[in-house]
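So the structure is just underneath, and the comments pick up after that.
The values are calculated or read from the model by the stated rules, or taken from the named source; none is laboratory data. Source: prediction; values computed, not measured. With ideal geometry, Cβ positions are generated from the backbone for all residues, glycine too; neighbour counts draw on all protein chains shown. For the accessible areas, the whole protein counts, side chains as well, though only heavy atoms, and no ligand, DNA or RNA atoms are used. Shrake-Rupley method; radii C 1.70, N 1.55, O 1.52, S 1.80 Å.
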Amino acid sequence: MAPTGNALLTAPDATAFRTAMGTFPTGVTLLTQGFGSDTIVMTLNSLTSVSLEPLLLLVSVKADGRMRPWIERAGSFAVNVLTEEQQDLASEFARPDRPVGQAAVRRLGAVEGVTGDALLPGAAASFACRLENVVEAGDHALLIGRVAAVHQGPPEARPLLFHGGRFARLPQAREAA
């Protein structure tokens, strides 16, 4: 490690980078494309708000993964922010053998959004997007979506978090005495 001012830095490698990034808590989402027999879903924690004018968001997927060509072909996708109660869905749709098509729609209890993509009625929030741009970024592709519709879940919904390589929850708020 080389001292730099008051900080210690290590030479960058994938393991150190991944460990350091794991200290940053993120939300957990399901990225969906299509509806019905053409539904494909994956668990994702790379969601970023990009712009308010126009409304844009960004997700990051493997450049050579299954999801990217489906989204590019269709020109749309949806992002569903999961709640603590939906941790089982996050685990299930992170697996390589995750459900697709009608099985995925049934498992999610999904409805079709305005862009033709699966939305979860019980999600903390959902965003239906039209693909605005794709940016190559190393071994990933950044998919920028123009938000066509937003669904806000119940106000008491508590988001599912990911931190330190595992699911996490927000602490319960204490009521003032």
All positions within segment 14-41 that are charged (D, E, K, R) and either surrounded by 12 or more Cβ atoms within 10 Å (Cβ to Cβ) or touching a helix residue (DSSP H, G or I) at 6+ places or on another chain (Cβ under 7 Å) (or both): 38
Members of segment 81-123 that are of a type in the set (Ser, Thr, Tyr) and in contact with a Lys or Arg (Cβ under 9 Å, 6 or more places away or on another chain): 83, 115
Close pairs from segment 102-124: first without any contact (Cβ under 8 Å) to a residue 12 or more places away in the chain, partner among the aliphatic types (A, V, I, L, M), Cβ under 7 Å, at least 6 apart: 111/119
Number of the condition not met by residue 27 [criteria: (1) within 14 Å of the chain's Cα centre (by Cα); (2) at pLDDT 95 or above]: (2)
Hits in segment 74-88 - residues which are more than 24 Å from residue 144 (Cα to Cα) and buried (at least 19 other Cβ atoms within 10 Å of the Cβ): 86
Residue count for segment 121-177, restricted to those that are open to solvent by less than 80 Å² (accessible area, probe 1.4 Å), part of a strand (DSSP E or B) and under 25 Å from residue 51 (Cα atoms): 23
Every pair of residues 6+ apart whose Cβ atoms lie under 8 Å, when the first sits in segment 164-177 and is over 17 Å from residue 86 (Cα atoms) while the second is of a type outside the set (Asp, Glu) and at pLDDT below 80: 164/23
In segment 42-53, residue most open to solvent (accessible area, probe 1.4 Å) [restricted to those that are touching a helix residue (DSSP H, G or I) at 6+ places or on another chain (Cβ under 9 Å) and among the hydrophobic types (A, V, I, L, M, F, W, C)]: 42
Contacts under 8 angstrom Cβ, first residue in segment 54-73 being modelled with pLDDT of 95 or more and surrounded by 14 or more Cβ atoms within 10 Å (Cβ to Cβ), partner part of a loop (DSSP other than H, G, I, E, B) and not hydroxyl-bearing (Ser, Thr, Tyr), 6 or more apart: 63/138; 63/139; 70/34
Counted residues, segment 95-109 - those being under 22 Å from residue 157 (Cα atoms) and surrounded by 13 or more Cβ atoms within 10 Å (Cβ to Cβ): 3
